[in-house]
Amino acid sequence: MEISAIEINLLTKKVATTISGYFLSGIYSIEGGVLLRFDHSTKPEKLVAVSSFAPWITTKNLSLPQASKFASRLRDSIERSKVVAAEQVGNERISKFSFEGKKNEKRNLYAEFFSHGNLILTDASDDTILDVSNPKTFRHRNLVAGEKYVLPPSRGIPLQGIDKNSLESIFRESINLSENPSISAIKWFGRSVGTSRKFVEEIFDRARIDPNMPLRSLNQELISKLTDACSELRVELEKSDAGYILIPVESSGLDPDVCPIVPRSWIELSNKKLAQIQSYPSLSDVLDEVQIEALVLSKRRQVSALTRAKAEELASAIAKQLAQIEWNQKTSNELRMLAGSLIRESSETIGKDLIDKLREYEILEVPKEYPNQFRFASEPRAFLKSYVPTSLASRLFDEAKRLEANNRRLEQVMQDLEEQKKALTEQGESQENRATRSIVADRRERQWFERYRWFVSSDDRLVVGGRDATSNSIVINKYTRANDVVFHADLQGSPFFILGNSGERQAPSDELALEIAEAAVSFSRAWKDELGSADAFWVYGDQVKKSAPSGEYLPRGSFFIEGKKNFVRHVRVGLSVGVTSSLPKEDMEIEDGQVIVTCGPHKSIEKHCVARLRFSPGKEKSSDFARKAKQKLVGAVKDEDIKEATKKLSIDEIIRVLPAGGYKLVVEK
């Protein structure tokens with residue numbers, strides 16, 4: 001499968017439009033590349049897959065469990081950087097992602113989509129290479145740290161740049177310089193225009209020109225037809241919102257391929273029953289499917305490698321047993337025939353031909369200590385010289401019976417090996433199927449507020465809180481208005497929780513204040529310290545000041561509270577975790593067939609979630625508690641569709657919404 005330069009151009013433009021104004025918040029490993037997560041202050045997060053063959057916006061969970069060393073180094077270099085640009089480099093199958101860090105350091109990440117792919121990180125000031133996923137040395141350039149990044153030699157003019165004048169100019173130049181005047185027109189076009197073979201063939205098909213005609217036979221009329229076909233194809237590619245994948249039958253010897261349109265060559269293959277064509281909503285969806293198949297195949301091979309290897313060893317042993325059985329049976333039949341001949345012919349001597357035959361069937365052998373004599377391989381003390389033809393015939397019948405008895409034993413051994421092989425094969429298939437089911441490819445598009453602590457209050461308002469000092473600052477600086485209500489535990493290290501007031505300044509009711517205060521104290525250090533209760537307070541947004549009074553110092557993520565604090569005393573430390581398939585706000589929609597996990601005060605979770613669990617500070621580890629919580633939530637869901645979606649929730653999604661510390665379930669009466 002080869003993604004052409006024009007397809008890389010279209011995919012990169014889509015990526016650039018989608019992540020404009022975002023910052024890079026996460027880097028993960030995928031098969032053959034990296035997965036980039038981009039966040040925005042008010043928009044849902046976006047994922048960009050940068051594989052060995054293309055970049056695209058993905059909605060799937062393509063990341064591998066463990067990040068590669070290169071992905072880990074990229075995190076240190078460009079994570080949390082702002083996106084400056086994403087663009088194709090020239091007409092190459094190369095995309096460039098430009099980033100700017102907090103200290104104004106500028107970096108370029110080049111993604112090359114040829115020769116099994118490569119990722120190169122450079123200093124944007126002079127394009128000096130800082131890191132490479134696959135260091136390589138070529139005649140024209142060196143992809144190693146410390147060298148300047150240089151583009152590969154050009155592959156011809158881009159399909160987008162083809163017009164009649166440019167094509168005629170290339171034609172005249174080629175005719176004058178051609179060392180092989182009989183070169184075909186399609187080969188000349190493929191060398192001159194930087195695009196994939198499928199599009200070169202498509203252009204000649206649309207222009208109705210014989211691809212094998214000599215280059216010198218082209219004329220202005222035919223070149224004009226090629227130009228029109230290029231223009232028509234280019235427009236169709238740029239307007240296409242769909243994606244297609246070619247799936248060849250196994251016996252065809254063809255490779256799978258993808259495209260934003262259906263080339264005519266594909267239709268011909270489909271008509272000949274050599275391949276199938278499947279359609280998808282976009283080219284990105286097609287690439288998601290290709291990447292998922294690669295992920296599944298890799299996972300299946302990985303989990304069953306040892307089992308499959310043992311099964312293959314048994315298969316080899318079975319094949320050897322079968323070959324031995326066939327040899328024994330053939331030899332037994334031949335020995336019976338030879339014995340019968342000896343009896344019928346009443347011969348007085350044993351001929352050389354018979355001796356050679358018995359040696360061929362490994363019945364007779366020549367001992368080292370007696371090089372001029374023959375003995376029976378099955379009985380080393382029995383020498384041929386002690387036999388006359390009639391007694392030899394009897395011995396041959398006995399040898400035939402011995403081989404047939406051996407066959408019966410071998411057949412039993414082979415049957416046992418077959419059963420072991422079958423059990424191992426079934427075990428391998430079971431392991432592969434379990435591994436395939438464990439790959440949760442579908443991924444819900446996360447909303448902006450999911451980067452923080454959040455829940456929906458019992459009066460249907462979104463409440464957002466910080467996760468750490470940095471997000472505390474973001475929550476106050478970006479999302480807090482003067483009339484909003486800000487909650488904080490009366491403890492150092494508590495997150496701020498913001499309750500939005502859309503209109504005039506309005507104090508929360510006692511019930512609502514207690515509800516949000518529960519979140520403030522439970523997500524504070526009170527949880528890790530296993531306190532039973534703590535105090536909290538609330539103020540209005542304009543009481544929260546970014547700077548301390550003169551002479552005082554505020555640590556990062558801290559703010560100065562001016563004026564009266566409204567305290568909520570003796571707030572219980574405890575939370576609930578639940579799953580929901582719908583949220584009350586239009587800008588918080590969840591797609592059909594998906595669920596979201598949320599954690600917050602019991603009253604909030606009870607109202608908005610279809611299944612919930614209460615828990616409090618304890619000793620159980622997050623991973624163990626999350627697995628137990630998922631199992632109980634799945635069991636509590638009644639709706640089958642929601643239950644299936646809940647089963648697909650990852651343990652990490654549940655861990656992410658929990659407070660830091662240990663846990664124990666609270667059994668409700």
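Convert each backbone phi in the stretch 34-41 into a coupling constant with the Karplus relation 6.51 cos²θ - 1.76 cosθ + 1.60 (shift: θ = phi - 60°), then list the ³J(HN,Hα) values in order as whole Hz, x for Gly and Pro.
9, 10, 9, 9, 10, 10, 9, 5
Give the lysines whose C-alpha is closer than 18 Å to that of residue 239, dropping any in the same chain fewer than 8 places away, or say none.
13, 14
Could you tell me which helices of the chain pass both thresholds, a Cα extent of 27 Å or more along their own axis and a mean Kyte-Doolittle hydropathy of at least 0.0, with helices taken as whole DSSP H runs?
283-303
What is the mean projected area of the alpha carbon convex hull for the chain, to one decimal in square nanometres?
50.8
Given the peptides 55-63, 216-224, 152-160, arrange them by the average over their residues of other C-beta atoms within 10 Å, most packed first.
55-63, 152-160, 216-224
Out of the stretch 313-360, which GluC sites (Glu not before Pro) are coil in DSSP terms and have no more than 10 other C-beta atoms within 10 Å?
Taking the stretch 313-360 and a limit of 10 other Cβ atoms within 10 Å, the loop GluC sites (Glu not before Pro) found are 348.
With just the Cα atoms defining each centre, how far is the stretch 135-213 from the stretch 459-537? Give it in Å.
If we compute the Cα centre of each part, the gap is 62 Å.
Straight distance only, please: which lysines reach the Cα of residue 401 with their own Cα at less than 29 Å, same-chain residues fewer than 8 apart left out?
Answer for residue 401, where 29 Å is the Cα cut-off: 320, 330, 352, 357, 368, 385, listed by chain and number.
I'd like the per residue volume of the convex hull spanned by the Cα atoms of the stretch 162-289, given in cubic angstrom.
It comes to 115 Å³ per residue, whole-number rounded.
Assigning unit charges at the beta carbon (Lys, Arg +1; Asp, Glu -1) and nothing else, what dipole magnitude in debye, to the nearest 20, does the stretch 308-438 show about its Cα centre?
160
By the scheme Lys and Arg +1, Asp and Glu -1, what is the net charge of all other residues having a beta-carbon under 12 Å from that of residue 480?
+2
Largest first and to the nearest Å, give the Cα extent of the stretch 312-438 along each principal axis.
That works out to 77, 34, 21 Å along the principal axes.
Normalised by the number of residues in the stretch 456-552, what is the relative contact order in percent for Cα pairs under 8 Å and 6+ residues apart?
Taking the mean separation of contacting Cα pairs over the length of the stretch 456-552, I get 31 percent.
Ranked highest first by the average count of other Cβ atoms within 10 Å around their residues, in what order do 15-22, 573-580, 237-244 fall?
Per-residue mean Cβ counts within 10 Å order the peptides as 573-580, 15-22, 237-244.
How high is the relative contact order of the stretch 355-430, in percent, counting Cα pairs under 8 Å that sit 6 or more residues apart?
Value for the stretch 355-430: 13 percent.
Let me check against my output: what whole-number percent is the relative contact order of the chain, with C-alpha pairs under 8 Å and at least 6 apart?
Reported as a whole number, the value is 8 percent.
Can you sort 7, 429 by how many other beta carbons sit within 10 Å, fewest first?
Ranked by crowding around the Cβ, least crowded first: 429, 7.
Readers should treat all values here as calculations from the given coordinates under stated rules, not as data from a laboratory. Here the structure is a predicted model, which means the values were calculated and not measured. Cβ coordinates were reconstructed from backbone atoms using ideal geometry, including for glycine residues, and neighbour counts include every protein chain displayed.
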